[in-house]
1. Throw me the Rg/Rh for segment 3-267, computed over C-alpha atoms with Kirkwood Rh, two decimals.
2. Which of Val54, Trp633, Phe515 sits farthest toward the positive end of the charge dipole of the chain, with +1 on the Cβ of Lys and Arg and -1 on the Cβ of Asp and Glu?
3. Given q = 0.19, 0.22, 0.26, 0.31 Å⁻¹, what are the Debye log10 I(q)/I(0) values for segment 524-572, with equal point scatterers placed on the Cα positions and solvent ignored?
4. Less than 29 Å apart at the alpha-carbon level, and either on another chain or at least 8 residues along: which lysines does that give for Lys201?
5. Across every pair of different alpha-carbon atoms, what Kirkwood hydrodynamic radius in Å does segment 487-589 reach?
6. When averaged across all projection directions, what area in nm² does the alpha-carbon convex hull of segment 215-354 cover?
7. What is the ratio of the Cα radius of gyration of the chain to 2.2 N^0.38 Å, with N the residue count, to two decimals?
8. What accessible surface, in Å², does a 1.4 Å probe find on Asp253, ignoring ligands, DNA and RNA and rounding to the nearest 10?
Amino acid sequence: MPSINDVTKLDIKDNIAILTLNSPPVNALSSSVREGLSLGIKDAIQDNNVEAIVLICEGRTFIAGADISEFGKIPKGPSLFEVQEGIENSPKPIIAAIHGTALGGGLEVALTCHYRIAVPSAKCGLPEVSLGLLPGAGGTQRLPRLVGVEQALKMVTTGIHLPSDKCLKSGLVDEIADEGRLLEDSVTFAKKIISEKRPLKKVRELNEKVIAARGNTDLFSNYRKSIARKTRGFLAPEYNIQCIEAAVNQTFDEGIKIERDLFLKLINGNQSAAQRYFFFSQRQVAKIPDVPKETEVYSIKEIGIIGAGTMGGGIAMNFANAGLPVTLVERNQELLDKGIGIIRKNYENTANKGRISIEDVENRMNLINGQVSMESLSTKDLIIEAVFENMDLKKEIFSQLNTVAKEGAILATNTSGLDINEIASITDRPENVIGLHFFSPANVMKLLEIVRGQKTSKKVISTSMLMAKTIGKTAALVGVCPGFVGNRILSQRQREANKLILEGALPSDIDNALFDFGFPMGPFAMSDLAGLDIGWNKETSRGETIREKLCEDGRLGQKSGKGFYIYDESRNKSSDPEVEKLIIDFSKNKQIKRRIIGNEEILERCLYPMINEGFKILEEGMAIRASDIDIIWINGYGWPVYEGGPMFYGNTIGFEKILEWLRKMEKEHGSDFTPSPYLEKVVEEKLNIFN
Ligand code: 3HC
Ligand code: NAI
C-alpha cells in the first residue's frame, strides 16, 4: 500500500482514491499530517484512474483540530490554507468520511471537501472558543453557509459538538453511513456522486443562508444579549460573532480576511495562552508520577455515605447520576428523611427545568437507600464520611468503620481540612483511608481534591482517580496540610480582604474588584452565600471580628436576608449603610486610619499572597505541579479560565515583581507577606515552574 509519509497513505480501489490519515492520538493537523494531506491529494488528482477521493482517518477519530502543541512555534511544511485550497479546488470530488469527532481545523478541512459523510456516533464542532480562539481556517465563513447563521453562532460561541443526526438535519453532512462501515459506505457514496454527475460543491460559493440574514441586526444584538452573562470577560465569543457577522454582510474573501485578523489577535493574546494552558493542564492533572495508569484498582460497585447533610446529600447524587447504588446513613430516621427529601427536591427542580425527566428522578431516587445503622455499610466498596467537621466525631466514625467495613473497602473522609493521617491512625488499615474533598454544591462543582495520606496505598489513589472520572469530576491529588490546597490558598485571600475593609475599603469595593477581574463573586458576597455562621459559636463569640459582630446581630448572610449586604426577596444584594458604619467604627476602635484603596491595590493584596502560598504548597510537595493548583482554582473557586489560575497569572505578572512586592510588604506589615523560599529560588535561578 503506497505510503505518502509516515502518517498518510493513498490507496486506489476501482476508480476511487482513499487517502487515510493515521496520526495518534487524535489525528491533529501537525506539519506531517498537513504534508501528507497535501501530497496525497495532489497524487490522487494526477492519477488518471481516480475519479473521486475519500478522505478518512484511522484510530479513534477524524481530525480533531489543529495541533495545539504547535501553536507559537515556527510553522513547518504546507500551511493549512494551502492544504484546503488543494482540496477545495480539486477537479475531482473529495468526500470527508467522519467518525469520532471532526473538530476545529479538522471540521474546517471537511468543510473544504465537496461532500461529507459521517457515522451515527460522529460529532462535528468548532470548539476553538474554549481555547480562547476562533476557527482560523475559514470555519466562520463556511459554517454559516451550510447550517445557517443561528446554528453557526451557537456552534462557534459555545463550541458544542453537534451529533451526526443534527449535522445531517442542518446540512453540515450530506449522508449518514452505517456504524462500523464508514469506508465501504463512503466509497459507495463516492461512486454515486460520480454516476449522478453531482457538481463539485464548494461551500464558499453557497450564499443563500447568509444572505437570508443580511441586514438583520437584531439577530446579532439579541444573540449577544443572550450569552452576555456566560461569556463575561471573554474576548473570543465576541470575535467569533464578529466573524459570523462578516460572513453575512461581506463577501467570502472579505470575511476570510476579517477572520484571519481577529484570529491573529486572539492567538497572540493572553486569554488564549491561558485557555490553551488550561486545556493541557486539565489532562495533565490526571497523571500521577508514582501511580501510573496501569496501577491496579478496586472495583467500585456499591457506595456508602455517612451524613445526609449538605455535602452527604450532594455526594450521593453524583453516584446516583452515574447509575451507582448508594446507601446513605444518618443518625436517626427524622434526619435521614429530611436529607433524602432535599435530594428529591433537588432532582425535581432539575426536572422542572427540563434537564432530566420525571423518570430519571425516580430512577435516581431508587438508587439511594437510606439507613440509620452503620452495619448497613458492611458490603460497600467505597464509604465516604460527611459528618460534622469535628475530629473526635470523625475518629469515632472511622473506628466504627474499621470494625464494620469489609476488607479492601476504601474509607474516605470529606473533611475540609482536618488531619487525615490522624483520622487514618484510628484504623488498622490506614492504607485504605483517603480524603475525598468535594466542593459545595457537591452535585454541581466539577472539582474533587483527592487527599493522599501518608500511608494511602497507590491502589486506593488509582481507584479514587478513576471513580472521579466515572462521576464526571476533575480530580487533583493533594497532600495533607491545613485546608489542603484550595482552601489553604483561599484563606490568604480571605485574610487580606478582612484586613482591607479595616484599612479603608468597603466589602463592595473588594467584591467589585474581584468580580471585574473575572470571579463570579467576591469574598464577602461568597461568605453571605455560604452563611456567615459557618464555624461561628454564639457562646464564645466576643465581637472580635466584623464577622462575629454581624452574626451576633443576626446577620447570617443570604439565608437571613442580610449579612455583609442586604438582600431583597429575589436575593439581589445592595450595600447596607449599617454595615459600613459598623466597619468604620471598628477601624476607629482598633485605631486603624482608613484611606482610599484602589482596585489595583485590592487585586495585589488579595491575589499576590495566594500566589506566594502556591509556591509554599509546591515547596512542601502538597500539590504535584503548579498547573494542578491552577486547575483547583479554576474548577473549584471560579478563577477566570482566561487568567489561567493563580500560578499562571503570577507568571504573567512576573514572579520577580511579585517577590519584590512581597519583600516590601513584609518589611512594612510583617510575616503575612514573607516570601516563600521556593519563589525566591525560582526568581533567582530563573526556573520554569511549568515544566
Ligand atoms: N492538538 C494537540 N494535542 C491534542 C489535541 C490537539 N488538537 N487534541 C487532543 N490532544 C491530545 C491531548 O492533549 C491528549 O494528550 P495526552 O494523552 O498526552 O494527555 C490526547 O490528545 C488525547 O486527548 P483527550 O485525553 O482529550 O482524549 P479524548 O478522547 O477524551 O477526547 C477530543 C478527544 C474530543 C478530540 C479532545 O481531545 C478535544 O476536545 N481536543 C481538542 C479539540 C480542539 O479544540 N480542536 C480545535 C483546535 S484549535 C484549531 O483547530 C484552530 C483552527 O481553527 C485553525
Ligand atoms: P451538615 O451539617 O450539613 O451535615 C452533616 C450531617 O452529618 C448532618 O446531617 C448530621 O446529622 C450527620 N451526622 C452527624 N453525626 C453523624 C453520625 N454519627 N452518623 C451519621 N450521620 C451523622 O455538614 P456539611 O456541610 O455537609 O459538612 C459535612 C462535612 O463536609 C464536614 O466535614 C465539612 O467540613 C465538609 N465539607 C463541607 C463543605 C461545605 O461547603 N458545607 C465543603 C466541603 C467539605
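The values are calculated or read from the model by the stated rules, or taken from the named source; none is laboratory data. Predicted model only: the values in this text are computed from it and were never measured. Cβ sites come from the backbone with ideal geometry, for glycine too, and all protein chains shown count toward neighbours. To get the accessible areas, we keep the full protein, side chains included, count just its heavy atoms, and leave off ligands, DNA and RNA. Shrake-Rupley method; radii C 1.70, N 1.55, O 1.52, S 1.80 Å.
1. 0.96
2. Selected residue: Val54.
3. Evaluating at q = 0.19, 0.22, 0.26, 0.31 Å⁻¹ gives log10 I(q)/I(0) of -0.52, -0.67, -0.88, -1.16.
4. Lys9, Lys13, Lys42, Lys92, Lys123, Lys154, Lys166, Lys169, Lys191, Lys192, Lys209, Lys257
5. The answer is 13.8 Å.
6. Convex hull of Cα atoms, orientation-averaged projection: 14.8 nm².
7. So the chain has a normalised radius of gyration of 1.09.
8. Near enough 100 Å² of accessible area.
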